[in-house]
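The values are calculated or read from the model by the stated rules, or taken from the named source; none is laboratory data. Treat the numbers as computed from the prediction; the structure is a model and nothing was measured. Positions of Cβ are generated from backbone atoms using ideal geometry, with glycine treated the same way; all protein chains shown enter the neighbour counts. Surface areas here come from the heavy atoms of the whole protein model, side chains and all, with no ligands, DNA or RNA. Shrake-Rupley method; radii C 1.70, N 1.55, O 1.52, S 1.80 Å.
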Amino acid sequence: MSPNRLGEGEGAIRRERILSFTFDGKRYTGHPGDTLASALLAAGVRVVGRSFKYHRPRGILTAGSEEPNALVELRTGARREPNTRATVVELFDGLEALSQNRWPSLLVDFGAINSLLSPIFIAGFYYKTFMWPAAFWEKVYEPAIRRAAGLGRASLEADPDTYEKAHAFCDLLVVGGGPAGLAAALAAGRAGARVILCDEDFLLGGRLNGDRHEIDGKGGGHWARQIAEELASLPEVRVMTRITVFGAYDGNTFGALERVADHLPVPAAHQPRQRLWKIVARRTVLAAGALERPIVFGGNDRPGVMLASAVRTYVNRFRVTPGRRTAVFTTCDDGWKTVFDLLDARVDVPVVVDARREIPAALANEASRRGLRVMLGAQILDAHGAKGVGAIDVRDERGRTLRIAADALAVAGGWSPNAALSTHLGGRPQWSDAIHAHVPGDLPRGMIAVGGAAGDFSLAGALRAGAAAGLEAARAAGFEAPAQSPPRVDDEAVGCAPLWFVAGARGKAFVDPQHDVTIKDVAVATREGFQSAELLKRYTTLGMGTDQGKTSALNGHALVAALTGRAPSDLGTIASRPPYTPVAIGALAGMHRGAAFKPCRLTPSHRWAQSRGATFVDLGEWRRAKAFPLEGERDWKRTLVREVRGVRTGVGVCDVSTLGKIDVQGPDAGIFLDRVYANVMSSLPVGKARYGIMLREDGIVFDDGTVAHLAPGHFLLSTTSAHAVKVLQHLEHARQVLWPELDVQLASVTEQWAQFAVAGPRSRALLERLLRGAVDVSNAAFPYVACAEFQWQGRPARLFRISFSGELAYELAVPSTWGDATVRAIMTAGEDLGVVPYGMEALGTMRIEKGHLAGAELNGTTTAHDLGLGRMMSVQKDYIGRVLAGRPGLCAPDRPALIGVKPSRLDAKITAGAHFLRIGARPSLANDEGFVSSVTFSPTLGHWIGLGLLSGGPKRIGERVRAHDPLSGGDVEVEVEVVNPVFYDPDGKRLRD
Amino acid sequence: MRIECPFCGERDVSEFAYLGDAGYRRPPADSQGLAERFYEAVYLRENPAGPHQELWYHAAGCLSWLRVTRNTRTHEIIAVGLATQAPGS
Ligand SMILES: [Zn+2]
């Protein structure tokens, strides 16, 4: 049943199809082309929500995305979405919507009692009412307010839909598909320019769909569809509907949200729900039209009170009327269009109240021809009716009040340019006395506003300016664009007198209906001194929320101006920031969720590790084998002990490809390396590798690794896995910015080489079998820190005799694509030697046993001295970090420096992050002496060990201190002994054998 | 923002890493008052409101260090050159 659907006639709905939907569980019907709002109005549903603070019944105010009242929860379950505006929700069969802010039901609401308590909900109530006692805020006030005043409920289930991102580039971006935007796109498109036109509606045409216009003798909607067809035929023009350009960003970049499947019950297979666009445009035509303003009077929030242009849209486009007796309250010529459209649709208009004392003769004549009751110089004081308008009180020009029956009221307060995008980059709008509103001021470079968005409210002006802007954009992009004659349209009256609010109303008069901000609230804020636009917003909440005051801010400012004897322009404006309308977090995240949240880099031996039943750990972007547990080996410690012992007594293999590898070549490579490493590298002979540390220019250690001299003028650096990218950036800076005169080139080869550590006393035996003489690995020919490049099985290979584990060890590098084959070959060659694959756990344990450094120690606050590497800092040359590393504060003897710790009671566990305290000292910042940086259970020693940074460092070896950890629950405090950080083979004999 | 890399063309700012004031000059090792000069070079940088010469690194592109003149008030990119070339050239 659709009591308010008008009889047959044009419009943009397809009556032959019936769509069924529910609102608050009740079943209704509508047609394709309807919005949820138009279908509810057609069904005679007036109350669609309850207000935020007072829980007053609210109806539909607008027909667009600026809607403050008609917010509903759409869909159910995991797809439930709160705060969707019924005015832009496209109707589909099976749609389910729920009203918000009502309990127990929409028409009987418990919270409406708040209305009686309105004195405590006055402006600034957040700051005043709930100040005392402080404990009450969390326990009493906040939960109560949250329950009473919410804006919908988010679904707590994971979103089952996908969201994607897209990029586009164009000569001209047209924002808005009304007459101005269509004219701009057509002019530029015909010239051959790349044009993107975006409209948030699902139907192109803008006001041409809501108003009755003639263009070149055809209906406005018809003209719009004809232009749309021509635009679709132009290969360089892309027209998008259901897309909101929500933000303007630096560099002519725009953010836009396309609602790909919001108009469907569920997205089709492989279809995203929404698509986030990043559009880069040489030129932009802002043709976003204008927003109609209300007039504030008593009971102006009652269901049935609607903006006059919205009434026209419902009548002309959706063939729906908000009421059968619809009064009109206007202060401008535009409101009269609503009067005549209603009458032509055979809707009764009991009275037209025009606040102006004089109106154009043409309007007056037409009114008298139709026998209308017109009250000039009059104002509506109050609208009455508990569940919607039933009557209005009008004060005539002589001050007498009379009551007139009406079941709906159209309000026309004039138009404000919709120029939010013009202010996103800091532009300030300017006040126009001609239209009593702000027009775009200094626009971002390349943007031009036309039509309603520029404050030009005539159709002829919109078409003319749009076409001119389109031509200009095409010419700027280098296209020949001959001017074309504009289409013929009728003149129209666009006069407007300002009327922002009506003084003397008896009922509550709402300036911002979404936040229940009344005239009284604004008056209180004004009295208390909150008189600028920004302060008013924060103090009263006027202009906050999902609509950001699109239909309320200017009225509020005008009210403050009137109360303080100023002009509305004196208040300034609120800077509009992106997004223009709400954007779901899901759309901003796009595909970057779950496993795709960040890239995952796999090592060359990943598949092999999987086949061995490895467990994995994500370190930065890398996924690395953590351990290789044998079947039935459920305790991580057993696996760790087996892998470490396997290496220390036999031989093990580990993928170390994730270490950064930087190739350095050129005649000046040695000089260059001397300047970026703290120790000398130029003296390194070909065929040798050397451990090195790099400092930042401020003297702090940046990274460590090895430098291998592969051939004259050819070095290969390794970096930590975590810093591979940063080190290259740092080196490129040194090469390009600091010393461009050096003849040296850099290239990252991390991805190009797979590298395996083969470690343990039997590693040499394994490599002899594997390499079969491709390189002599005997101790004499290939001693500790030797390196070589050679051919192995017809492919290049590299061998380094370096060790992280502390055992006799080698690292073998092969081209990445041969990594998998190589690790399998290593396993085969070592099979009867008992070769064990080992992962990050064993690697980490062995490096702590050897006192080697990792990220926990190279943490961006430690100096070479702190880490026991002070003697590496060359005094013979200049290098990055040399001078500032000598600052007194970085050389102070009490700085925390690297030491080892072991528990005094050997069965105790140490936790990483525990802070050092002297025995007997109270835990406090003043008594803090450093912290434990790395810990492990040592299979070699049979107890827990750790590395740490302790005030005074190695001077305190032999002392006992406390390791205090208040965060880990269990082991709060352990007494530890300070020891040499090299727990295992401190003389390094095993490396060199 | 969009930065026009001399090698790669106009690219989105997300491809670049920012360092800061391009006026940084590393003091020569033999200069007087080295500690003070390094302190000034490392910590005291220009931060004007308006046109500013800055170093940007095309991290997701050609790995060039660029000398970019950017208006810090408006984010307008006024000029882009390679950092290997002397400032102003
Ligand atoms: Zn580049």
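Scanning segment B:43-61 for residues that are open to solvent by less than 20 Å² (accessible area, probe 1.4 Å) and either in a loop (DSSP other than H, G, I, E, B) or at the interface with chain A (Cβ under 10 Å from one of its Cβ atoms) (or both) gives B:Gly50, B:Leu55, B:Tyr57, B:His58.
Restricted to segment B:1-34, and to residues there that are in a loop (DSSP other than H, G, I, E, B) and in contact with a helix residue (DSSP H, G or I) (Cβ under 7 Å, 6 or more places away or on another chain), the residue that is nearest to the ligand (Cβ to nearest atom) is B:Met1.
Which residue is farthest from the ligand (Cβ to nearest atom), if the candidates are limited to segment B:77-89 and must be touching a strand residue (DSSP E or B) at 6+ places or on another chain (Cβ under 7 Å) and within 10 Å of chain A (Cβ to nearest Cβ)? Result: B:Ile77.
Each residue in segment A:420-460 was checked for being among the small types (Gly, Ala, Ser), surrounded by fewer than 18 Cβ atoms within 10 Å (Cβ to Cβ) and within 14 Å of chain B (Cβ to nearest Cβ), and 2 pass. For segment B:76-89, give me each residue that is surrounded by 14 or more Cβ atoms within 10 Å (Cβ to Cβ) and within 15 Å of B:Glu10 (Cα to Cα). Within segment B:76-89, B:Glu76, B:Ile77, B:Val80, B:Gly81, B:Leu82 meet the criteria. Checking the stated criteria, A:Ala97 turns out to be farther than 17 Å from A:Val305 by Cβ and open to solvent by less than 40 Å² (accessible area, probe 1.4 Å). Restricted to segment A:247-312, the set of strands (runs of 3 or more DSSP E) holding at least 2 residues that are under 23 Å from A:Lys165 (Cα atoms), open to solvent by less than 10 Å² (accessible area, probe 1.4 Å) and touching a residue at least 40 places away in the same chain (Cβ under 8 Å) comprises A:253-258, A:274-286. Return yes or no: is A:Glu200 in contact (Cβ under 8 Å) with a residue 60 or more places away in the chain, within 24 Å of A:Val339 (Cβ to Cβ) and acidic (Asp, Glu)? No: the conditions fail for A:Glu200. For the condition within 12 Å of chain A (Cβ to nearest Cβ) and under 19 Å from A:Gln736 (Cβ atoms), what is the one hit in B:Glu15, B:Glu4, B:Glu10? Residue meeting the stated conditions: B:Glu4.
Condition check: crowded, with 21+ Cβ neighbours inside 10 Å, at pLDDT 95 or above and outside the structural domain of A:Gly176 (by TED's automatic domain parsing). Does A:Ala408 satisfy that? Taking the combined requirement at face value, the residue satisfies it.
Of the candidates A:Arg27, A:Arg14, the single residue that is without any contact (Cβ under 8 Å) to a residue 60 or more places away in the chain, open to solvent by 30 Å² or more (accessible area, probe 1.4 Å) and not in a loop (DSSP other than H, G, I, E, B) is A:Arg27. Across segment B:18-28, the qualifying residues are those that are open to solvent by 40 Å² or more (accessible area, probe 1.4 Å) and more than 8 Å from chain A (Cβ to nearest Cβ), and the one among them that is farthest from B:Ala79 (Cα to Cα) is B:Pro28.
In segment A:762-814, which residues are part of a loop (DSSP other than H, G, I, E, B), charged (D, E, K, R) and out of contact with any strand residue (DSSP E or B) (no Cβ under 6 Å at 6 or more places or on another chain)? The answer is A:Arg762, A:Arg772, A:Asp776. Might you let me know whether segment B:62-75 holds any residue that is under 21 Å from A:Lys726 (Cβ atoms), within 15 Å of the ligand (Cβ to nearest atom), modelled with pLDDT of 95 or more and away from chain A (no Cβ under 11 Å)? The answer is yes, given that some residue of segment B:62-75 is under 21 Å from A:Lys726 (Cβ atoms), within 15 Å of the ligand (Cβ to nearest atom), modelled with pLDDT of 95 or more and away from chain A (no Cβ under 11 Å). For segment B:29-42, the set of residues classified as at pLDDT below 90 and either open to solvent by less than 50 Å² (accessible area, probe 1.4 Å) or within 11 Å of chain A (Cβ to nearest Cβ) (or both) consists of B:Ala29, B:Asp30, B:Ser31, listed by residue number. The set of residues in segment A:679-698 that are within 14 Å of another protein chain (Cβ to nearest Cβ) and buried (at least 21 other Cβ atoms within 10 Å of the Cβ) comprises A:Leu695, A:Glu697. The set of residues in segment A:215-232 that are open to solvent by less than 30 Å² (accessible area, probe 1.4 Å) and in a strand (DSSP E or B) contains only A:Ile215. If A:Glu366 meets every condition in (1) surrounded by fewer than 22 Cβ atoms within 10 Å (Cβ to Cβ); (2) within 14 Å of chain B (Cβ to nearest Cβ) apart from one, which number is that one? Against the list (1) surrounded by fewer than 22 Cβ atoms within 10 Å (Cβ to Cβ); (2) within 14 Å of chain B (Cβ to nearest Cβ), A:Glu366 comes up short only on (2).
The set of residues from segment A:723-755 being more than 10 Å from chain B (Cβ to nearest Cβ) and closer than 22 Å to A:Phe800 by Cα comprises A:His723, A:Ala724, A:Val727, A:Val749, A:Thr750, A:Glu751, A:Gln752, A:Trp753, A:Ala754, A:Gln755. Of all residues in segment A:739-751, which are in contact (Cβ under 8 Å) with a residue 40 or more places away in the chain and over 26 Å from A:Gly819 (Cα atoms)? Across segment A:739-751, the qualifying residues are A:Trp739, A:Leu742, A:Asp743, A:Val744, A:Gln745. Pairs meeting the criteria (first residue in segment A:30-44 and hydroxyl-bearing (Ser, Thr, Tyr), second residue open to solvent by 20 Å² or more (accessible area, probe 1.4 Å), beta carbons under 7 Å, at least 6 apart or on different chains) are A:Thr35/A:Val88; A:Thr35/A:Glu90. Among the strands (runs of 3 or more DSSP E) confined to segment A:411-469, the ones with at least 3 residues that are farther than 22 Å from A:Ser485 by Cβ are located at A:415-417, A:430-432, A:437-439.
Quick one: count up the residues across segment A:618-645 that are touching a Gly at 6+ places or on another chain (Cβ under 8 Å) and either touching a residue at least 24 places away in the same chain (Cβ under 8 Å) or open to solvent by less than 60 Å² (accessible area, probe 1.4 Å) (or both). The number of residues fulfilling the criteria is 7.
On inspection, A:Pro82 fails the criterion of being surrounded by fewer than 18 Cβ atoms within 10 Å (Cβ to Cβ) and assigned to a loop (DSSP other than H, G, I, E, B).
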